[in-house]
Amino acid sequence: MSAEASCCPGQGGGAALASDLLPASAGPGREEKGTGLAGSKYVKLNVGGSLHYTTVQTLSKSDSLLRSMCTGHTEVTIDSEGWLVLDRSGRHFGSVLNFLRDGAVPLPDCPRELEEILSEARYYRLQGLVSHCLTALQKRAEGYEAVCRIPMITSPKEEQRMIASCKKPVVKLQHNRGNNKYSYTSNSDDNLLKNIELFDKLGLRFNGRVLFARDVLGDEICCWSFYGEGRKIAEVCCTSIVYATEKKQTKVSLGLSLSLSVSVFVSY
């Protein structure tokens, strides 16, 4: 419940007079259609079951539907207990009141809630709050476009669930520097870093079109996997690039082959 003033001092220090809280036409035991809040100082509002106390002065601060109700240009409904009834959701009415009181209000990070506040602002014809919401939505949209998120796989079960539910192609890079299955060479670290750098560059290049995921839990030192429509399409094991041995020689031309593989995969 929003409470700018739940009671006010009357003459002799007593509680507020009924005439301070209600238009003169409203009385107990009946619902009235009023033509304004002339003569009232304090207002009790029932907005979709959410109860709020405020003043006529606050409601009249901005050229809006609420001011129109106060001046009598818009008909208002007062219930039998003296509450001004508004047939709207009261979830964000506190934000509406706070904007009228302060000229600004903190907005939620959730785009859906921000859209809801924008809808209420438009209904109450609060142009200042409308502009505030639109500016926030635009900033969030611009910010999200520049973000490239690459998930880190935490378990095989999570990997299966992610691949099965994703509508985009999926590219997974599995790398495990701690696997000592193959002997080290002078170029081992450098070649592993080249794979990781290529993965990052491809993630930026195809951001929004392909889901790139990183896996550091598997046994392979360096392995690329390609998925489409929930199934594995191809796999490129680069272990021989990272840890060359006498028995295993370089199989893949690192940069060109993988770049072409991803480009063809996206077209697929």
Test: Glu120 is on the phi < 0 side of the Ramachandran plot and touching a His at 6+ places or on another chain (Cβ under 7 Å):
yes
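With the requirement that a residue be over 20 Å from the mean Cα position of the chain (by Cα) and outside any loop (DSSP other than H, G, I, E, B), what does the stretch 123-134 give you? Give the steps one after another, and end with the answer.
Taking the stretch 123-134 as the starting set, the residues that turn out to be over 20 Å from the mean Cα position of the chain (by Cα) are 123-128.
Across the stretch 123-134, the qualifying residues are Tyr123, Gln127, Gly128.
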Residue ID - farthest from His52 (Cα to Cα), chosen from residues in the stretch 86-104 that are surrounded by 15 or more Cβ atoms within 10 Å (Cβ to Cβ) and aliphatic (A, V, I, L, M):
Leu100
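Condition first: surrounded by 15 or more Cβ atoms within 10 Å (Cβ to Cβ), farther than 30 Å from Glu142 by Cβ and at pLDDT 90 or above. Can you find one or more residues in the stretch 105-117 that meet it? Let's see the steps before the verdict.
Looking only at the stretch 105-117, we keep the residues that are surrounded by 15 or more Cβ atoms within 10 Å (Cβ to Cβ), and these are 105, 107, 114, 116-117.
Next cut, farther than 30 Å from Glu142 by Cβ only: none.
No, because not a single residue in the stretch 105-117 is surrounded by 15 or more Cβ atoms within 10 Å (Cβ to Cβ), farther than 30 Å from Glu142 by Cβ and at pLDDT 90 or above.
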Single residue of Glu159, Glu120 found to be free of Cβ contacts under 8 Å to residues at least 60 places away in the same chain, touching a Phe, Trp or Tyr at 6+ places or on another chain (Cβ under 8 Å) and of a type in the set (Asp, Glu):
Glu120
Residue list for the stretch 82-93, filter: under 10 Å from Ile117 (Cα atoms) and in contact with a Ser or Thr (Cβ under 8 Å, 6 or more places away or on another chain):
Arg91, Phe93
Restricting attention to the stretch 173-192, does a residue exist that is at pLDDT below 90, open to solvent by less than 40 Å² (accessible area, probe 1.4 Å) and among the aliphatic types (A, V, I, L, M)?
yes
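The values are calculated or read from the model by the stated rules, or taken from the named source; none is laboratory data. Every value quoted in this text rests on a predicted model; they were computed, and no experiment measured them. Glycine also receives a Cβ, built like all others from the backbone with ideal geometry; neighbour counts cover every protein chain displayed. For accessibility, only protein heavy atoms count, side chains too; no ligands or nucleic acids. Shrake-Rupley method; radii C 1.70, N 1.55, O 1.52, S 1.80 Å.
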